There are 2 protein chains.
Amino acid sequence: MKKNFFCSEELTMKKNGKIEDEFSLIAQMSGGFSSYQKGVLVPNGDDAAIYKPQNGKAQIVCVDTMVEDIHFKRETMEPFHIGYKSVAVNISDIAAMGGEPLYFLVSLVVSPDWTSDELMEMYQGMKSLADHLSIDLLGGDTVSTKKNLVVSVTAIGQVDEKVRLLRSNAQPGDILFVTGELGDAAAGLDYLLNHKKDQVEHEFATLVRAHQLPTPHVQQGGILAEFAITDQIALNDVSDGLASEAHEIATSSEVKIVIDKDKLPLSLALISYAKECKKDPYHWVFNGGEDFVLIGTLPKHLVSSVREKFEQEGLSLYEIGWIEEGKGEVILLEDGKRLPLHKQGYNHFG
Amino acid sequence: MKKNFFCSEELTMKKNGKIEDEFSLIAQMSGGFSSYQKGVLVPNGDDAAIYKPQNGKAQIVCVDTMVEDIHFKRETMEPFHIGYKSVAVNISDIAAMGGEPLYFLVSLVVSPDWTSDELMEMYQGMKSLADHLSIDLLGGDTVSTKKNLVVSVTAIGQVDEKVRLLRSNAQPGDILFVTGELGDAAAGLDYLLNHKKDQVEHEFATLVRAHQLPTPHVQQGGILAEFAITDQIALNDVSDGLASEAHEIATSSEVKIVIDKDKLPLSLALISYAKECKKDPYHWVFNGGEDFVLIGTLPKHLVSSVREKFEQEGLSLYEIGWIEEGKGEVILLEDGKRLPLHKQGYNHFG
């Protein structure tokens, strides 16, 4: 059936002349992606693509979908960002399994209010991350809808077949860690919803970037995968806020997670922006979401070697709490008091 | 990020009480799929799924998307059919590469006019084909949109790494074949658009079934793959009508395809329905689409052995033309005359 990235007999021709030549658009899009992976036997362009997996490697697959006005608003995301982020959120899931990303496939459902220039920008956003990660586009489908663009990405990666970085792996005695600062993406969204997006203050640019162009923690996942060949490590990516992700690990592992509020890594930009707009930065930390850093647990005897490996690579590892016996609870330690931290996912624009 | 088939913090709660309990819906959906594939190391339910590929097998991947009111209308497709067909059209692409289907992932974008019962029926449709083919659901994402349901499926299969059933493989001297009757699906759609769908006449039930519950030709693709280890065979699935698919092969292979109109396999139901409604059945054959049979070319020396293998399995193989030297043309031989057959894809409801 498929012929090309953004193969689409069905993409509605724009009567307002915005998208005049579908085939020229498809050709521009499909021509732009590079080939990095040597395992590709039949590239994107026939009914399906074919690749040869590496010996001893298991395949990791996941799909994630972004819908206009549900998961993103055009007032805070340029088309480039939407394309980039649609791939990034899936790669983040590969990273959370310790995987090396290899391939991705795109389903793009376009509504009539998008121009061909905007679609090209979106594709440039996908391409920029694909180039950065050396991953190949293996399939695409572009169709039309009446309202609200939908972009759905399937990512494929590989990992040593002995690695299981499951959220059910946490054990009492483990430490709890995150691989980056929390809350920046949600604060960046807040900033853009309350300020002009073409005049972002230098001080808050990192927050806006965290919202628009999140970096999946592939390298961090890869290091943890090496240790996971022999040891039990839990891992999640922080897509729905710290509280929600901690609850997922606590529930799956049937343990109690204690988070020490004083140890949570908050960026200077986040603290500064929270002060300026008189908001509680911890709201973004706990319930914000879309940080796409990794959260996980480590047996104590591993901590110094994992930390050393992270430091060698110039990466951050923040110890933010520990695991106790329990039944799927998350506790926040604040001023010496233990309070239950309730699960409250990121609400998007719902 | 993902937790479950139809994991979805984002699925909008229905205020009219139609979908009252999102988590109960998710649990019902995710609990229903069976596990057939022994290669699954981490099933659907963590950030991503992990599977171990078989030695010597290449992996086939493709994605395809169906949008309400663009690719299907609820007046001709029950939710069960939509679910079934969303998987079938992707498996058809795996079949067109000669592959054995193994896994699929689903992205479902739900608009507020769908009830939880209808979503459950849709999932039952997916499950019925998954059970029939012994394939495992490896990932899912359910999110909301404002209008028009979108279902996007990624299929994964495997094939001997030496097999290349490419549309660019046709060579002058080859014969042209299809693996099933043509035009039924489009005639079935026509029937449903012009008749009451709950009172389908027995005589035309096969047409309606071809539209609603197409059978991907996996077994046929598998037989052709065995011959393709040593020989050059072109293959496509007929998703956009015979004319369009023949043009794809002719263009990719840089050959001339001659189709003998007298040899085209038309079902009795199609001929009978065309007569009843005074329409030209060949319109559906050439431009109808969605038959999901396979079209391909075979070197002459293979024809009798391929035919024998098909007959042993009770499968059909129709020789409908041949390949000549040329430059991407398709010719229709009718009453001894040669006429150019123009490419005209299936227009859906555009």
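Summary of computed values
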item: Whichever residue in segment A:46-63 is open to solvent by 10 Å² or more (accessible area, probe 1.4 Å) and part of a strand (DSSP E or B) and, among such residues, is nearest to the other protein chains (Cβ to nearest Cβ); result: A:Asp46
item: Some residue of segment A:169-187 being open to solvent by 10 Å² or more (accessible area, probe 1.4 Å), within 14 Å of chain B (Cβ to nearest Cβ), farther than 17 Å from A:Met77 by Cα and touching a strand residue (DSSP E or B) at 6+ places or on another chain (Cβ under 7 Å); result: yes
item: Pair list, Cβ under 6 Å, 6 or more apart: segment B:145-165 residue more than 7 Å from chain A (Cβ to nearest Cβ) and in contact (Cβ under 8 Å) with a residue 24 or more places away in the chain, other residue surrounded by fewer than 24 Cβ atoms within 10 Å (Cβ to Cβ) and among the hydroxyl-bearing types (Ser, Thr, Tyr); result: B:Leu149/B:Ser111
item: Residue match in segment B:156-173 (condition: assigned to a helix (DSSP H, G or I), closer than 26 Å to B:Ala246 by Cβ and among the small types (Gly, Ala, Ser)); result: yes
item: Subset of segment A:115-153 [acidic (Asp, Glu) and farther than 18 Å from A:Ser35 by Cα]; result: A:Asp117, A:Glu118, A:Glu121, A:Asp141
item: Members of segment A:236-260 that are touching a helix residue (DSSP H, G or I) at 6+ places or on another chain (Cβ under 6 Å) and outside any loop (DSSP other than H, G, I, E, B); result: A:Asn236, A:Asp237, A:Leu242, A:Ala243, A:Glu248, A:Ile249, A:Ser252, A:Ser253, A:Ile257
item: Strands (runs of 3 or more DSSP E) completely within segment A:261-341 that count 1 or more residues being modelled with pLDDT of 95 or more, open to solvent by less than 70 Å² (accessible area, probe 1.4 Å) and among the β-branched types (Val, Ile, Thr); result: A:294-298, A:318-325, A:329-334
item: Within segment B:145-172, considering residues that are among the β-branched types (Val, Ile, Thr) and under 30 Å from A:Glu68 (Cβ atoms), the one farthest from the chain's Cα centre (by Cα); result: B:Thr145
item: Residue match in segment A:70-81 (condition: over 16 Å from the mean Cα position of the chain (by Cα), within 10 Å of another protein chain (Cβ to nearest Cβ) and among the aliphatic types (A, V, I, L, M)); result: yes
item: Qualifying residue in segment B:206-229 (condition: of a type outside the set (Phe, Trp, Tyr), more than 25 Å from B:Glu308 (Cβ to Cβ) and part of a loop (DSSP other than H, G, I, E, B)); result: yes
item: Cβ-Cβ under 8 Å pairs, at least 6 apart or on other chains, segment A:110-124 side among the β-branched types (Val, Ile, Thr), far side buried (at least 19 other Cβ atoms within 10 Å of the Cβ); result: A:Val110/A:Leu11; A:Val110/A:Leu119; A:Val110/A:Thr142; A:Val110/A:Val143; A:Val110/A:Ser144; A:Val110/A:Thr145; A:Val110/A:Leu149; A:Thr115/A:Ile19
item: Matching residues in segment A:103-123 - criterion: being open to solvent by 10 Å² or more (accessible area, probe 1.4 Å) and within 14 Å of chain B (Cβ to nearest Cβ); result: A:Pro112, A:Asp113
item: Any hit, segment B:124-146, residues being in a helix (DSSP H, G or I), buried (at least 20 other Cβ atoms within 10 Å of the Cβ) and small (Gly, Ala, Ser); result: yes
item: Residue tally, condition in contact with a strand residue (DSSP E or B) (Cβ under 7 Å, 6 or more places away or on another chain) and farther than 13 Å from B:His217 by Cβ, over segment B:289-320; result: 7
item: Residue check, B:Lys85 in contact (Cβ under 8 Å) with a residue 40 or more places away in the chain, open to solvent by 20 Å² or more (accessible area, probe 1.4 Å) and not aromatic (Phe, Trp, Tyr); result: no
item: Positions within segment B:93-137 being on the phi > 0 side of the Ramachandran plot and in contact with a helix residue (DSSP H, G or I) (Cβ under 9 Å, 6 or more places away or on another chain), in sequence order; result: B:Gly98
item: Extreme residue, nearest to the chain's Cα centre (by Cα), among residues of segment B:129-144 that are of a type outside the set (S, T, N, Q) and more than 8 Å from every other protein chain (Cβ to nearest Cβ); result: B:Leu129
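The values are calculated or read from the model by the stated rules, or taken from the named source; none is laboratory data. Remember, it's a predicted structure, so these values are computed and weren't measured experimentally. Methodologically, a virtual Cβ is constructed for each residue, glycine included, from the backbone with ideal geometry; neighbour enumeration extends over all protein chains shown. Areas reflect the complete protein model, heavy atoms only, side chains present, ligands, DNA and RNA absent. Shrake-Rupley method; radii C 1.70, N 1.55, O 1.52, S 1.80 Å.
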